[in-house]
Every structure is written in structure tokens, then in C-alpha cells.
Amino acid sequence: MDRLIILEPSSLVAVRIEPGQKCYGELTLRNVMYTMPVAFRLQPMNKGRYTVKPQSGIIAPLGTLTVEIVYHLPPGSFLPDSFPLCDDSFLLHSVVVPGAATKDSTSSFDAVPNDWFTTKKKQVFIDSCIKIMFVGSPVLVQLVMDGSMDEIREVLERSDPAWNPTDSVDSHGQSLLHIAIAQSRPDIVQLLLEFEPDVEFQSRSGSTPLEAAAGCGEELIVELLLAHKACTERSESSSWGPIHLAAIGGHIEVLRLLLLKGANVDALTKDGNTALHLAVENRRKDCTRLLLANGAKPDVRNTRDGDTPLHVAAGSGDEKMVKLLLQKGANKDIRNKTGKIAYDVAAEYGHMRLFDALKLGDSLCLAARKGEVRTIQRLIENGAVINARDQHGWTALHRASFKGKIDAVRMLIDKGIDVDSKDEDGYTALHCAVESGHTEVVELLIKKGADVEARTNKGVTALQIADSLHYAGISRILVHGGATKDGMPQVAAMPVSIPFGNGKMGKEIETKAAPLKRRPSRTRALRGSFDRSLPLAVI
């Protein structure tokens with residue numbers, strides 16, 4: 001036998017360090033003798049740094065006794081000189097004491113005579129294997145900041161399970177997860193998550209770990225936290241939720257992860273903005289596209305000013321963002337709490353390049369559709385872009401040609417409008433005039449140099465439309481203007497459908513062309529066969 005006492009659970013004592021609290025650890029001594037009591041004495045080598053309670057005592061046969069080891073932090077210090085392990089050591093003396101009195105099988109007191117451990121007649125065992133490991137909040141905080149993976153794991157494993165060490169916080173109220181996120185250390189985050197920290201813990205500033213990771217654009221950390229069921233919604237004390245912070249920072253992959261995990265795309269910040277408001281405000285075009293693709297409502301008004309994302313884009317003068325929002329269906333006529341539409345906001349800040357997209361372009365198309373020549377003249381003089389398109393992709397020339405407003409067509413051409421401009425489906429003003437059966441407009445467009453062989457995106461020419469609708473007079477004009485019939489499909493395979501509203505609303509209406517009125521049965525037979533029908537102006 002080489003010792004009388006064994007140490008439980010090991011010879012490494014975990015001393016917990018906490019600011020303003022007693023720093024101590026516990027060590028259990030077990031007497032391995034079956035019939036004899038054993039006296040012990042435990043002495044720190046650095047007596048000024050540690051206090052042992054009790055320092056000596058008697059342990060009954062096979063009995064145990066718990067010893068408290070108190071560490072005294074130097075004044076003004078929050079951490080030991082070295083950690084988590086230190087070089088401080090202890091000497092454990094033990095000796096068999098036959099006939100020693102014990103109470104309740106185990107007794108301890110500090111009055112065990114010192115000569116018990118020095119008398120040469122007795123066999124005294126001396127053990128120096130006891131070592132100290134420092135655990136506790138400041139130790140873990142510093143280890144996480146230093147990125148010491150192995151030491152972090154060792155301290156976590158040695159800590160008392162009754163105290164969840166992963167819930168340690170620093171002096172600023174940041175949890176270990178927050179600190180690891182700030183250090184961009186997904187490996188440490190993964191290690192901490194093994195010990196089941198509170199993933200919804202809010203820092204002193206009110207942010208959760210997921211909010212912190214989203215704001216930093218830490219894609220892998222966000223994925224780890226989401227895998228551990230972190231909430232995707234804004235915490236009650238936070239100003240912004242994860243989705244808002246990702247949008248502000250332009251962290252599109254983080255934003256994508258949050259949306260895939262069911263984050264509310266229209267969730268509000270504390271001051272009433274959506275992620276779309278914030279993406280637009282910070283000119284995050286990719287994030288804006290992603291939010292809109294995931295169902296973000298472009299017309300939500302914030303609670304502070306009543307501004308929609310379009311108001312925000314207009315105020316910042318972001319032309320690309322304005323056009324994107326309009327393309328995705330944003331309503332430019334919504335008024336904020338001060339009664340202003342987006343155009344008014346743009347005008348207030350002097351963003352003249354937005355005037356056409358927000359107001360003048362639509363006004364120009366409307367005037368062209370109605371044939372109001374004087375209004376067209378005034379709008380162009382006031383800065384309307386003549387080749388601008390409305391929300392359906394039509395220019396003013398498309399509108400005037402489809403409606404047969406010959407004077408408006410003439411003025412627009414004289415003002416320099418692109419006579420061969422195509423909409424998103426490849427239709428020119430000539431296609432529009434032919435399909436609606438306006439002979440005079442067709443003649444004027446050809447005279448002004450319109451491309452009679454222009455094809456839509458589906459390869460349809462103006463002559464094919466005229467022949468399919470049996471517009472013999474228009475067909476002759478087109479042929480006289482240089483149109484050819486090469487490759488023209490059979491009439492039976494080329495019927496025309498004219499849906500309402502740019503071919504996207506699915507509602508068909510009767511054309512006003514005279515030949516179709518004389519052939520109602522033919523109209524029914526022809527409807528719906530062109531691969532793309534003409535976008536029809538609002539009647």
C-alpha cells in the first residue's frame with residue numbers, strides 16, 4: 001500500500017473564480033483502510049494564497065471527508081496569474097491512528113497534533129499530487145477571447161454541472177456565445193453548443209446570439225444556431241431581429257438561411273420598419289430582390305412616418321431601387337402620414353432623375369393613350385423621358401399606336417422617340433398598331449422608318465399578325481413597305497389572343513378591329529394561339 005487516502009473524484013481541484021464572490025473548490029478525501037482511522041493534514045505550499053478548511057482531521061475506516069480550498073485573489077485582480085492550470089501545489093500527510101476517537105464514523109478538526117505527522121515511530125505518507133484548475137466566468141471569458149479550444153473544453157468538463165458554465169458573461173453582459181461570435185469563431189460556438197447553453201440569452205444590449213451572428217454576417221454560426229432551434233424572430237428587448245440585421249448588412253446568405261427557417265419576411269423592427277424598408281434604405285439590392293422573391297409586401301407602411309419602401313428609395317434618390325420596386329408591383333400612389341406619394345418625396349429632395357419613373361412617364365403614356373398632344377408637349381418640356389416605359393414595359397408610342405392616336409404618334413416621332421422600341425415581349429409600336437387595326441398609324445410608322453420585319457420574342461412579324469386577322473389592307477401596306485412573307489405560318493396555326501393588361505392578367509377582351517367584327521366565328525377560332533399576346537392598354 002502506498003497511500004492511506006485517495007482523492008475523489010480526482011487530484012485536480014476545480015476552484016471557481018467569480019467577481020465579488022468567495023473563490024473556492026472542494027476535494028473529497030476517502031480513507032481506504034477497512035479497520036483503522038486515518039489522520040490527515042493538508043497544507044498549501046503557498047500559504048498566503050490558499051486557506052484549507054479543515055486543514056487536518058481524522059477519517060473513519062472507509063469514510064470520506066470534504067475539504068474546502070479557498071483561493072484569495074490578489075487585490076484588484078479578476079483572474080489568477082496563470083489559468084486554467086497553475087503550478088501551485090499541496091502536501092497531503094496521512095497516518096494511521098489506531099484507537100483514535102471518531103464521531104459518527106468520521107471526525108475532523110484542526111487540533112490534530114503536528115507530531116502525529118513527524119514521529120519517526122509512525123509511517124507517515126506524504127502525497128503532493130493535488131493540483132488546482134481555475135474555472136468560472138472570467139476564466140472562460142478570457143479563454144474564449146484567446147480562442148483556446150482545448151482549455152475551454154477542459155474547463156467546461158471540469159466545472160460543476162449544477163452551474164452551467166456556458167452561461168458565463170463578461171463585464172459587458174456578453175455571453176460566451178456572443179464573445180465567440182464577435183471573434184468569428186464558429187468552431188468555438190460549436191463547442192459551446194455541445195454543453196447546451198441558453199441560445200436565447202440576451203446580452204445587456206438586448207441581442208440574442210442569433211441576432212448578433214446575423215448582424216455580423218456569420219453564415220456558418222447562424223446555421224449552427226438555427227440547428228439548435230434558435231428563434232428567428234426579434235427578441236422583445238431588441239430593436240432589430242435577425243432578418244433586419246442581415247438585410248441592413250447586406251448578408252444575403254444569412255438572410256436566405258433565415259427565410260428558409262421560416263423567418264417572418266414582413267416582421268417589424270421596434271420602430272416599425274420591415275426588412276424590405278431597411279434593405280432599400282441601405283441600398284442592398286440583392287437582399288431586396290430576395291425579400292421580394294420570398295413574398296415581402298412592397299407596400300407596407302412603417303409605423304413612424306407611414307413610408308413604404310418606395311418612399312424610402314425615392315428619398316434616397318436610388319433610381320435602380322425605385323425601378324425594381326415598381327417592377328415588383330409597388331404602388332406609387334400610396335401616401336405617407338404627411339400626405340406625400342413617392343414622387344413628392346423625390347421632388348422634395350431634388351431627385352429629378354426619378355420623376356419619370358415615379359410620375360412623368362406614366363403621365364406621358366396616359367396622355368399618349370388619350371391622344372392629348374398638348375399634354376404630351378408639356379410633359380416632355382417638364383422633363384419626362386420620351387423613351388421611358390410604364391410598369392407594363394410600354395413606351396408612349398406603344399400606347400398611342402395601339403389606340404390609333406395619329407396626332408400623338410406624329411408628335412412623339414417628331415420629338416425623337418425610338419420608333420422601334422420593344423416591350424419586354426418584343427412588341428414594337430408597329431405590332432401594336434397592326435393588331436389593333438389602325439391603318440393610318442401603320443402607314444405613318446412605316447413612313448417614319450419603322451422596321452417592318454421586326455419580330456417579337458416568339459418570332460412573330462407585323463405581317464403575320466395582319467394576315468392572321470385578315471387585315472388585307474394593312475397587309476398590303478406592310479408588303480409595300482418591304483415586309484416579306486418568307487416563312488409565314490399558316491393562318492390556322494396563327495390565331496391571335498389579346499389579353500387585358502400586358503398579357504399577364506389572364507382576362508381576354510374583344511378587339512375593336514372592323515374585320516373581326518365581321519367575322520365573329522373567326523375571332524373565337526383565332527383567340528389564344530400566339531405564344532404571347534399584345535399587352536393591351538387600359539381602355
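Read the figures in this text as sums done on the coordinates, not as results from a lab. What you see is a predicted model; the values in this text were computed from it and never measured. Cβ sites come from the backbone with ideal geometry, for glycine too, and all protein chains shown count toward neighbours.
Quick notes on this structure:
- P(r) for segment 125-222, from all Cα pairs and a bin width of 5 Å, is 2, 14, 25, 24, 16, 8, 4, 3, 2, 2, 1, 0 %, short bins first.
- Surface/4 of the Cα convex hull for segment 303-356, nm²: 3.4
- Ordering Leu259, Leu220, Leu278 from the fewest to the most neighbouring beta carbons within 10 Å gives Leu220, Leu259, Leu278.
- The value obtained for segment 5-135, namely the Cα convex hull volume divided by the number of residues, is 108 Å³ per residue.
- Within segment 15-47, backbone nitrogen closer than 13 Å to the virtual label 7 Å beyond the Cα of Ile6 toward Cβ: 29-34
- Cα-projected label distance for Gln377 with Met45, points at 7 Å along beta-carbon direction, nm: 10.4
- Taken over the alpha carbons of segment 308-450 as equal point scatterers, the Debye sum produces base-10 log I(q)/I(0) values at 0.15, 0.16, 0.21 Å⁻¹ of -0.72, -0.80, -1.15.
- Alpha-carbon radius of gyration plus Dmax, which is the widest Cα pair, for the chain in Å: 41.5, 134
- Among Tyr349, Tyr71, Tyr24, Tyr427, a tally of other beta-carbon atoms within 10 Å of each Cβ gives an order, fewest to most, of Tyr349, Tyr24, Tyr71, Tyr427.
- Largest-first principal axis extents of the Cα set of segment 137-300 (Å): 55, 25, 23
- The chain, relative contact order in percent, only Cα pairs under 8 angstrom and at least six apart counted: 6
- Segment 402-442: C-alpha gyration tensor shape, a/c 1.5 cut-off, then a/b vs b/c: oblate
- Among beta bridges identified by DSSP and lying wholly in segment 5-135, the antiparallel ones come to about 90 percent.
- Centre separation in Å (Cα based) which lies between segment 310-370 and segment 415-462: 28
- Rg/Rh (Cα only; Kirkwood hydrodynamic radius) as it applies to segment 394-492: 0.94
- Convex hull of alpha carbon positions in segment 249-375: directionally averaged projected area 8.3 nm².
- Calculated [222 nm] ellipticity per residue, helices only, for the chain: -9500 deg cm²/dmol; basis is -39500 (n - 2.57) per DSSP H run with n ≥ 4, divided by all residues, nearest 500.
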